[in-house]
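The values are calculated or read from the model by the stated rules, or taken from the named source; none is laboratory data. Being a predicted model, the structure only gives us computed values, none of them experimental. FYI the Cβ positions are ideal-geometry reconstructions off the backbone, even for glycines, and counts take in every protein chain you see. Heavy atoms of the whole protein, side chains included, go into the accessibility calculation; ligands, DNA and RNA do not. Shrake-Rupley method; radii C 1.70, N 1.55, O 1.52, S 1.80 Å.
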Amino acid sequence: MTQLVTLHEAFAQAATRIGRIIIEEYGLPVANKSVPPLDAGGVAGGEKYLAEGIFFKFAVDSSGLFGGDAGAQKVAVHEHNGLMSILGSLMWHLHDLHLSTNMMCIISHRGHKLIAQSKLAINAGSLVYGSADGGRTVHADRPDINSNMKTIADILNIKGHYVGQGAQRKLLHMPGDIEVHIGADGRAYILDTARVFPPVLPDMRVAGGFMTQLFRPEFLLRLDTPISSDAFTRWGMDNKEEHNAEGRAATSRLLNESLLECARSMDQQFERVLTLVMQGVLFTAHNRTQTSTTNNNNNNNNNNNNNNNN
């Protein structure tokens, strides 16, 4: 465990050093960049880089999917949070689920964000779960991987659903664009976790809301019914009426119950703090009054003694 912590610290330090350079050179022509971008495929995610064995993904809205760079940065945070939640699930089943994740961190600098991930020995032919081409090809190739992904989804209270059409129609328990690859070392690695958690009922005024406005994992665990990660999206067209209805019900509970509970709890905490503060003020005022009275009595006694001596 100590070696793993040391390795991750070294990774974070190297990623931060290189990431700052990439961000600072963002506006330069490609020919002038010390770390040039590369074409790594995928539909979204911004410019991508590779340096010192670390893969960098620039969180900018280069495809116009997120309504601006602020939305792309939210997606970057969702990707990190999704991976951390999956990693937490794996820790509960360390000896049962033969799945792995790569090292990841987010570099924030000068208003930009980069996702940094350790490079993996994978390629287009190593994909065994999910889709890397917008749903044209969907993989659920290995029963053991399928079962393990279902276990993670059950832990997170995420609903299994069918993705793809015709021969490509497959049962997935995560978003359609998640990817699980078998690396050259034989391990199964989970990638592209930005949409692990389902979206709330989208606000049509927000571009790409299905990728930026997601339920928190803590809230999902309070629901009696699991929610599909692909609700309200074209990935979830198969049986969409059911998936979307469950998403709307969960959104209604969030807005009309959970937020009110949170507000009441905050009010109660504020009242308790205010009561303690007022008690402290009154206690301090009482002590000052007592001290003042004692001092006055002492002064009077001193004056009386002086008069008697005279």
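If we keep just the residues of segment 250-282 that are touching a Leu at 6+ places or on another chain (Cβ under 9 Å) and among the small types (Gly, Ala, Ser), which is surrounded by the fewest Cβ atoms within 10 Å (Cβ to Cβ)?
252
Could you please find all residues in segment 192-244 being assigned to a helix (DSSP H, G or I) and open to solvent by 20 Å² or more (accessible area, probe 1.4 Å)?
210, 211, 217, 218, 234, 235, 240, 241, 242, 244 - these are the residues of segment 192-244 that are assigned to a helix (DSSP H, G or I) and open to solvent by 20 Å² or more (accessible area, probe 1.4 Å).
Here are some residues: 86, 115, 107. Which one is in contact with an Asp or Glu (Cβ under 7 Å, 6 or more places away or on another chain), open to solvent by less than 40 Å² (accessible area, probe 1.4 Å) and either among the hydrophobic types (A, V, I, L, M, F, W, C) or over 26 Å from residue 214 (Cα atoms) (or both)?
Of 86, 115, 107, the one residue that is in contact with an Asp or Glu (Cβ under 7 Å, 6 or more places away or on another chain), open to solvent by less than 40 Å² (accessible area, probe 1.4 Å) and either among the hydrophobic types (A, V, I, L, M, F, W, C) or over 26 Å from residue 214 (Cα atoms) (or both) is 115.
Taking the stated definitions as given, is residue 255 within 21 Å of the chain's Cα centre (by Cα), of a type outside the set (Lys, Arg) and part of a helix (DSSP H, G or I)?
Against the criterion (within 21 Å of the chain's Cα centre (by Cα), of a type outside the set (Lys, Arg) and part of a helix (DSSP H, G or I)), residue 255 qualifies.
I need the full set of residues from segment 189-209 which are in contact with a Leu (Cβ under 6 Å, 6 or more places away or on another chain) and at pLDDT below 95, in order please.
208
Out of 71, 67, 88, 53, report the one residue that is over 17 Å from the mean Cα position of the chain (by Cα) and farther than 24 Å from residue 123 by Cα.
67
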